[in-house]
1. Tell me which of 85, 277, 350 sits at the most positive position along the dipole axis of the chain, charges placed on C-beta atoms (Lys, Arg +1; Asp, Glu -1).
2. Using the charge dipole of segment 53-177 (Lys, Arg: +1 at Cβ; Asp, Glu: -1 at Cβ; taken about the Cα centre), state which of 55, 76, 177 has its Cα farthest towards the positive end.
3. If a/c stays under 1.5 just call it rounded; otherwise compare a/b with b/c (prolate if a/b is bigger, oblate if not). Do that for segment 222-370, with a ≥ b ≥ c from the square roots of the Cα gyration tensor eigenvalues.
4. From the cross-link list 363/444; 114/407; 226/475; 29/407; 29/108; 363/479, which pairs have alpha carbons spaced over 21 Å apart?
5. Hey, got the Cα dimensions of segment 68-114 along the principal axes, in Å, largest first?
6. Bin width 5 Å, alpha-carbon pairs only: give the P(r) of segment 321-448 as whole percents, running from 0 to the bin holding the largest distance.
7. Say a site is exposed when it is one of the chymotrypsin sites (Phe, Trp or Tyr not before Pro), sits in a DSSP loop, and has at most 14 other Cβ atoms within 10 Å; what is then the longest site-free stretch of the chain?
8. Tally Lys and Arg at +1 and Asp and Glu at -1 over the other residues with C-beta under 13 Å from the C-beta of residue 140: what net charge comes out?
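The values are calculated or read from the model by the stated rules, or taken from the named source; none is laboratory data. Just so you know, these numbers come straight off a predicted model, no measurement behind them. With ideal geometry, Cβ positions are generated from the backbone for all residues, glycine too; neighbour counts draw on all protein chains shown. Ligands, DNA and RNA are excluded from the accessible area calculation, which covers all protein heavy atoms including side chains. Shrake-Rupley method; radii C 1.70, N 1.55, O 1.52, S 1.80 Å.
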Amino acid sequence: MLRLIAVVACLALVRPAAGKETAPADVQKAAEAITAAATAPAFGQKGAGHPLPLAGHWNTGAIPGGFTPNWQLEQIEAGHMLLPPWFDMPNIEPTYHQTDAYYESAIKRAAELKLPLTFVGTQWEHLLTTDPEYFGLPAERNPNSIYASGQVNRAVCPFGPVEPWRQVGRQWTISPMIRKVQEWYPDPPRVIFLSNNEHTRLTWNRVEGSPRYLARFGKGRDDDFKRKVVGDGWIERYRALQSAMRDGLAEAKAPAGPAWSKAATFVGYDAFGPPHLGRWGGWPEYSLHTKERIDPNPLMWDGGSPSFYVHNWNGSTDHTVWSPQIESMNWPFMLDEARRLNPAFWWEISTWDGHQPTLANDKRKTYAAAGQTFSPERYGGMIQFGMWLLRPRVVREYRNHTDTVEKAGAYFEPIMAAVDRVHRDATLREFWQRGALVPNRAAKHPYQELVPEEYRDRDRWFLLETSLTPERPWKLDTKIEVFAVALALGEAPARRWLVYAHAPLGARDDVSITLPEFGDVTADVPVAGGFWLVREKGREVTPLPATPR
């Protein structure tokens, strides 16, 4: 048995020395690396490996002290690998803070550095329901769902007319502020339009209450059919909306119009397959899976940003079977399918720790009641597990739009550090781009309720066995003291593995970790996570820098 001791050197957040400016060449070099990561081909395209990760955020600096575009650019000048600048999506009618002062200087600086842009938006289709111009249309022209009585429901319909979706889409990208931004920066390499994607929709299990559905398909169809036709309806409508947004961009004066239209990438929050697959018997009610596809979102969107969240409103934690680490092990096989359906699919994750301090169910209060402290280091350990399991292009943290850097910045710093580390460590970089995720076929994913036959044999379990693995069977609240995952490179007998492990409930020493096709190694596992390089030849083990315990 080999013993692994984690090196717990802190990767310092790189900041300019007091009284000194970062050298322009260094800033330009960082900007070039960011742009290279943001414009790299998606995994598998032309033999490409996983693009290097970048850090991002949902908070756009809507209030003073927030994660403003200028603050973001300062982080780049300090050496961090962010995907900036990200802005509020300009409204059709600007809000109080969507002024030239909010956009202009950061846009022009981004143009100087040739950086990509991100616009964080609402669910653009909400106008179909909230704008009387659309909600008040007669039934045959109304994009919202219609009850049998003829009453219009405040939910968009997958069987309604498509033209209103096009009309709304174009409105968003011909706004005066979008035109100004295009003038300030006519040739960005990529522009991500990120939708909150939470508008109310007619669900598949209620379609028999829709006269439109009944007129086309009648009663008595099976659930698989209903999920498929609803998914097909959303594919047509969301693509029509995005196509019209792209057309609106193209109407700008050359060269901005064609460049922006080509660079536009439309990404939806939670636009991905169900992480809750198999967690309980009711999961299919919240899914659009069919025998042909696990999820329609890769055909609806250019990319997805699913939630790697510890929610405050449910029983999930960072240290139990009901956790984002365990749920998201359902995603790797879904990613394979997404890339088959849409080879250019933009893959990122959104992260959150359930912190809402004004609410009684704030997750940090839940931990405190159990005698635990949820520190930034502990959060970083969880996030890095998700990073190395999923290898997203962006790790995008969520905080409320009213949060400030002073309040929330300490929890974003571990994310920036984790992303920076991949860029700066040659070993991590190699495994990130080319490593193969190691399945643990000695056990099964604990979520096994009503898993469709076509997905039962897919690899869904990647948590390595350890000496602290709890006895099975597990319940959702079963505690897991150490989470470990591995990537592999090469062929026997000269394989190499990268092992990552974190201990959310406190550092655990002398933990035996079983690495498939290698054997047991022993590690001291820190809260914030540790890395070890394992070589088959000579059975060598090298600890890599990790965050502090």
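1. Selected residue: 277.
2. Value: 55.
3. Verdict is oblate for segment 222-370.
4. 363/444; 114/407; 226/475; 29/407
5. 35, 16, 14
6. It works out to 2, 8, 16, 20, 19, 16, 11, 6, 2, 0, in whole percents.
7. Values: sites that count: 96, 147, 280, 313.
Counting at most 14 other Cβ atoms within 10 Å as exposed, the longest clean stretch of the chain is 314-549.
8. Charge balance near residue 140 sits at +1.
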